[in-house]
1. Zone of Ala77 (label point 7 Å along Cα→Cβ, backbone N under 20 Å): which residues in region 94-135?
2. Where does the chain land at 222 nm, in deg cm²/dmol rounded to the nearest 500, when only DSSP H runs of n ≥ 4 count, each adding -39500 (n - 2.57), divided by all residues?
3. Full extension from Arg35 to Glu134: what is 0.36 nm times the residue separation minus their Cα-Cα distance, to one decimal in nm?
4. Quick check for me: using +1 on Lys/Arg Cβ and -1 on Asp/Glu Cβ, what's the dipole size of the chain about its Cα centre, in debye to the nearest 20?
5. In nanometres, what is the gap between the two model label sites at Ala141 and Thr13, each 7 Å from Cα along Cα-to-Cβ?
6. Net charge near Lys111, counting Lys/Arg +1 and Asp/Glu -1 over other residues with Cβ under 14 Å of its Cβ?
7. Which of Lys59/Lys137; Lys50/Lys118; Lys2/Lys137; Lys118/Lys140; Lys38/Lys118; Lys50/Lys86 have a Cα-Cα distance over 18 Å?
8. With a cap of 14 neighbouring Cβ atoms within 10 Å, and only residues DSSP puts in a loop, list the GluC sites (Glu not before Pro) found in region 90-154.
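Please treat every number below as a calculation from the coordinates, not as lab data. What you see is a predicted model, and the numbers here were worked out from it, not measured in a lab. Glycine gets a Cβ as well: all are built from the backbone with ideal geometry, and neighbour counts include every protein chain shown.
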Amino acid sequence: MKIKVERRWPKATYTIGRFYIDGLLYCNTLEDADRGLKQTDALTYIKARKVAGETAIPKGTYGVAMNVTSPKYAGVAWYWNFCRGKMPRLISVPGFDGILIHPGNTALDTKGCILVGKNTKVGKLTDSTACFKEVYKLMKAAADRGEEITIEIV
């Protein structure tokens, strides 16, 4: 499975994009501010430009693990009941740890993660939980079939 996040509308404190699975548009994304980081940048450069909890991850291609339990979300009843707290987690993001794909509505909900939903309000996502459920089910099915899941941030 190939996921693509196309960052389209960067603002000072957040970035709105589009979320594709195998070339099909599924929803929008909301991330923190894009500070122009790339996966190929030196780690020292990434760390110097990163503002903790307010910076989108570097552009690049990453693996996605579907079998890691999130300490943050495992204790939240809704997540536990839906996915046993196992959120889609990006692997080996330089300068960042614990980057997830999950529901949320504003840049305050991201902390570097990728939120999914519909961009029907300026700077916000709506229908985030429904969008997350849809993409999660597709990702989980792919993982259960043994498919490699990658995400490209452009």
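1. The answer is 103-104, 129-130, 133, whose backbone nitrogens lie closer than 20 Å to the label point.
2. Values: 4 runs with 35 residues, N = 154.
The per-residue figure over the chain is -6500 deg cm²/dmol.
3. Gain in length upon complete extension: 32.7 nm.
4. In debye, rounded to 20, the chain gives about 200.
5. Spacing of the two 7 Å Cα→Cβ label points: 3.8 nm.
6. Result for the local shell: -2.
7. Details: Lys59/Lys137 25 Å; Lys50/Lys118 27 Å; Lys2/Lys137 15 Å; Lys118/Lys140 21 Å; Lys38/Lys118 26 Å; Lys50/Lys86 26 Å.
Beyond 18 Å between Cα atoms: Lys59/Lys137; Lys50/Lys118; Lys118/Lys140; Lys38/Lys118; Lys50/Lys86.
8. Values: sites: Glu134, Glu147, Glu148, Glu152; in loops: Glu147, Glu148.
Answer in residue order: Glu147, Glu148.
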